[in-house]
Amino acid sequence: MAKSITLGVKGSSLTSAPVFQIANRLAEVRIDSSLIDKLSSSSSSPSAAKKNQNHELSRYQISFPDFITLEESRASMVVLLNKLILSGVVIRPRLVDLIAEILNLGIGEGIGGLEVGEIEVTDEERRVIESCLGTMDGICGILDHEATELVGVIDAVAVLSWEAVKA
């Protein structure tokens, strides 16, 4: 896989094309190095350390509905990763790296979709994950990308139809 898509770049936004490419393993996900540095420094700051002392890690299962495909569950993970990055909450860099590894290495991929298994999260991380688990956002990203690709085909058919009418 030669192409990589970097998330967390200042001023950029996640569009349907990168969601589609990562979900279909056409590209790997990368996290902006300055964002990783920022997450590392904010999670090791004295105020964050004090917060983390009060919030122990607990096991959490990221799960997807049985009716969605592997592509759709991977798209949902891309949206979740992006929302975690943009949440403004103190997120441990290890959680961001773990989700990127799951997407890049195909960990947990099975016939029925993506099975992430249990991960360790803080209370803040759990709240962000639960509030933004982007199953429908990921599916909509795939649909938007595929619909956009069809526009070229529709234009070509319209031109051919017009030429046939003129002849």
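The values are calculated or read from the model by the stated rules, or taken from the named source; none is laboratory data. All values reported here derive from a predicted model rather than from experimental measurement. Surface areas here come from the heavy atoms of the whole protein model, side chains and all, with no ligands, DNA or RNA. Shrake-Rupley method; radii C 1.70, N 1.55, O 1.52, S 1.80 Å.
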Largest to smallest accessible area among ILE31, ILE22 [probe 1.4 Å]: ILE31, ILE22
Can you give me the solvent accessible area of LYS83 with a 1.4 Å probe, rounded to the nearest 10 Å²? 70
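Would you kindly state how much longer the chain becomes between ASN104 and VAL159 on full extension, computed as 0.36 nm times their sequence separation minus their alpha carbon distance, in nm to one decimal?
Values: separation 55, 0.36 × 55 = 19.80 nm, distance 4.05 nm.
So the extension gain works out to 15.7 nm.
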